[in-house]
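Here, each number is a calculation from the coordinates, and none is a lab measurement. Source: prediction; values computed, not measured. Cβ placement follows ideal geometry from the backbone for every residue including glycine, while neighbour counts extend to all protein chains displayed.
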Amino acid sequence: MKTQNIFYKRIKCLSMQQSLSINQLEKELGYPRNSLHSYKENREPSAQRLIEISLFFKVSPFYLLGIEDIDSRPKNLESAFERLSEKQKKKLAELIFRWIESKI
């Protein structure tokens, strides 16, 4: 059995952290269905695709390729908020609003 490519492992992990399946990620990026599955076994991404995915997740291309072990995502709350999608920001705002209402 072949081992999974580090690139595929990292995009799968990042997708799961955002509650996205690989197929949902493909749809978000406008890629054909199952196009990311080709990276599962030792196929490397094109430079364009590497940059698109790193921008989507806001991580370094070097992290996605396994050259860096630490992702470059923000470590403070404000920069973390800025990197959320609009959908995620709305969900966070709803959660905060409900929390505030429960405290009043």
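A few points about this structure:
- Peptides 26-36, 8-18, 80-90 ordered by average Cβ neighbours within 10 Å, highest first: 8-18, 26-36, 80-90
- The distance between label points at residue 38 and residue 87 comes to 2.5 nm (points 7 Å beyond Cα on the Cα→Cβ vector).
- Inter-site label distance for residue 52 and residue 77 at 7 Å from Cα along Cβ, in nm: 3.6
- Remark: relative contact order (the chain) = 22 percent; criterion is Cα-Cα distance under 8 angstrom and separation of 6 or more residues.
- A full extension of the chain between residue 102 and residue 31 corresponds to an added length of 21.3 nm, given 0.36 nm per residue minus the alpha carbon distance.
- Normalised size of the chain, defined as Cα radius of gyration per 2.2 N^0.38 Å with N residues, equals 1.25.
- Taking a straight Cα-Cα cut-off under 22 Å and skipping sequence neighbours fewer than 8 places away in the same chain, the lysines within cross-link reach of residue 58 are 9, 12, 27, 40, 75, 87, 89, 90, 91.
- Estimated from helical segments only, the mean residue ellipticity of the chain at 222 nm is -17000 deg cm²/dmol, where each DSSP H run of four or more residues counts as -39500 (n - 2.57).
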